[in-house]
Amino acid sequence: MSRAQPGTRRGLRDTTVSTLLLAASVLALLRPIPLHAQETELRGEVSESAILADQQRKARQLSMASSQDQQAQANAAATDDAPADTYQPASPGAVPDDTNATGAANSIFDQPAATDDTSTDEAAPVKPRRLSTARQRAADQDKTKDDKAKAADKKKTKKTTDATASTAATDDNETTDAEQDTANRRALTVDSADRQKLDPGAERTGSIEGQDKKPEDDPFAATGIKVGSFLIRPTLEQGLTSSSNADSSSGGAPALLSETALRFSAASDWHENSALINGYGSFRKTVSGDEVSDAQGRIEGTLNVDLDNELRTIAKLGYEAVPESASSPDAIAGVSSQPLRQTVNGSLGIEKDVGKMRYTLTGAVTHDFYGDAKLSDGTSLSQKDRDSTLYTATLRTGYEISPALVPFTEVEVGRRDYDLRSDSNGFERSSTRLGARAGLELDMGDKLSGEFSAGWLREAIDDNSLEAISGPTVDADLKWSPERGTTIGLTGQTTIEDTTTAAQSGDILYSGRLTGERQIRANLTANAALGVDWRDYVGIDGHDLVLSAESSLTWWLNRYAGLTTRVRTEKLTSNLPGRDYTANSIFLGVKVQR
């Protein structure tokens with residue numbers, strides 16, 4: 001039997017290798033997904049990074065299979081390093097002689113014949129395949145693409161992903177399984193996080209009941225009562241007052257008094273505009289000692305309305321009823337009770353801001369009317385000649401240096417008209433008012449706020465025989481908080497007081513108060529006040545000086561009830577006869593609020 005040609009055997013062997021490589025590539029593509037990938041947790045949303053990694057893995061597998069197929073065909077067609085015997089036909093177009101020594105045609109199933117020459121039995125050396133370099137280059141390219149994809153995904157999601165593509169392109173199952181696991185990894189959700197084992201060292205969020213609540217700024221402040229769109233905060237104070245001078249007069253006597261005071265405030269909760277109502281009422285009755293029985297009260301409402309174009313309006317309306325004080329210059333001697341003075345006042349102001357300029361125009365009306373005085377003999381004395389109405393118009397112009405500092409000037413004109421043209425002594429008491437002031441508004445938040453001003457005020461009486469009332473004015477309303485829980489207040493006011501006393505025009509009263517409030521503890525509050533009043537009479541050489549001091553302490557048992565005590569002293573010194581007096585008092589009572 002003739003031996004097969006060496007070139008023919010190599011061709012058959014190469015064809016067989018190509019067929020096996022192609023079959024392996026097809027099987028690699030058709031390989032099923034590993035079981036653990038099917039068992040992967042499917043709950044929760046798939047992250048964008050996991051989808052991107054899965055798409056890149058599939059693209060690499062297709063690229064690798066195609067590269068392997070092309071490489072296998074190229075290797076099959078390549079020749080060995082050693083030159084192979086090539087068949088040379090006898091004539092062009094001749095068919096190669098594929099017969100053996102016996103003349104029979106050679107078959108691929110024939111066994112090679114035994115021979116002493118073993119050189120042809122061994123396969124010709126094949127040039128090693130250099131697949132690692134090509135695969136490494138492809139892997140490096142895939143790695144570069146993966147890094148770019150990760151960077152882009154990180155910019156979009158701002159999160160770190162654990163889904164990383166495999167950088168080694170091999171046919172090992174471990175590498176492919178790792179890629180499949182990365183692709184099937186899901187974004188962490190609440191459901192999947194609950195299934196994970198808790199880290200013993202990790203801190204867990206406490207329950208709502210266990211979390212610390214933010215402490216209240218004032219845990220003993222009144223909560224208030226909600227009525228419609230208003231929040232009302234009432235306060236009732238009841239106690240006993242022991243006074244060395246019950247009616248604060250030059251001939252006053254000591255007494256033990258029962259004192260009741262009711263105060264309230266009502267604030268609206270409207271979205272844009274606001275309304276505020278304040279009021280108080282007090283009643284004193286003698287328990288023992290000098291007979292005193294009086295009541296007084298006041299209520300005032302303020303409405304703020306914001307209009308268009310930086311335009312605002314402020315309306316006020318108030319009512320007050322106070323008995324004439326025994327220390328008043330117009331007090332009537334020898335009466336069982338002083339007349340009751342009632343006051344109704346209202347004002348309407350319009351504020352306009354133009355750039356840094358601020359303009360405010362305010363019109364006000366105040367009407368005073370008096371009740372009859374009851375004499376000790378049981379008769380009464382009319383006080384109608386004291387009834388009057390004061391009309392004023394005030395224009396304020398300010399310039400905003402900064403939101404905290406606004407200097408201003410103010411001009412005031414007015415007219416006081418008495419209900420009766422002439423009083424009981426025949427004097428015409430109506431007068432014309434003119435005033436000017438300059439001051440500064442301060443707004444530094446809770447630290448310092450308010451305003452102060454100084455100027456001149458003059459009120460000329462229609463009756464030429466009476467001197468005009470005029471003099472400098474000082475007004476202030478400032479609040480300063482040097483530290484938390486401490487508030488210092490300073491108020492000052494200049495008031496022209498009219499009179500119906502014969503041959504007298506009236507007086508100018510300067511009043512000043514310095515107050516302090518200190519919250520010693522959350523349920524313990526201390527208050528102190530110092531006061532000074534100076535009254536300068538016009539038409540006569542007379543003046544009064546009133547000095548006062550007061551200190552109080554309130555201890556809250558809870559949010560709704562507390563104990564309070566108050567000590568006060570007051571002294572009036574005058575160069576006019578029969579006006580000096582001193583009054584000391586102490587109060588002890590309870591206070592309730594809602």
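Just so it is clear, none of the values below were taken in a lab; they were calculated from the coordinates. Model, not experiment: these values are computed from the prediction. With ideal geometry, Cβ positions are generated from the backbone for all residues, glycine too; neighbour counts draw on all protein chains shown.
Length gained on full extension, Lys571 to Arg521: 14.7 nm, using 0.36 nm per residue less the C-alpha separation.
Per residue, the convex hull spanned by the alpha carbons of the stretch 455-495 comes to 59 Å³.
Each principal axis of the Cα cloud of the stretch 335-436 was taken in turn, and the coordinate range along them, longest first, works out to 65, 26, 18 Å. Across the stretch 221-355, the convex hull enclosing all Cα atoms gives 172 Å³ per residue. Take the Cα of Thr409, step 7 Å toward its Cβ, do the same at Glu310, and the gap between the two points is 2.0 nm. Tell me, in nm to one decimal, what length is gained between Arg458 and Thr501 on full extension, where the rule is 0.36 nm per residue of separation less the Cα-Cα distance? Full-extension gain reported as 13.5 nm. Label point of Glu400 set 7 angstrom out along Cα-Cβ; within the stretch 351-366, amide nitrogens under 18 Å from it belong to 351-361. Pairs over the 29 Å Cα-Cα cut-off, from the set Lys374/Lys571; Lys226/Lys591; Lys316/Lys447: not a single one.
Checking the cross-link pairs Lys285/Lys479; Lys352/Lys479; Lys356/Lys479 against a 28 Å limit on the alpha carbon distance flags Lys285/Lys479 as lying beyond it. With an a/c value of 1.5 or above and a/b not larger than b/c for the gyration tensor axes a ≥ b ≥ c computed over the alpha-carbon atoms, the stretch 440-594 is described as oblate.
For the stretch 352-381, the residues whose backbone nitrogen is under 19 Å from a point 7 Å from the Cα of Ala393, taken along Cα to Cβ, are 352, 359-367.
Here the gap between His271 and Asp417, fully extended at 0.36 nm per residue and compared with their Cα-Cα distance, gives a gain of 48.5 nm.
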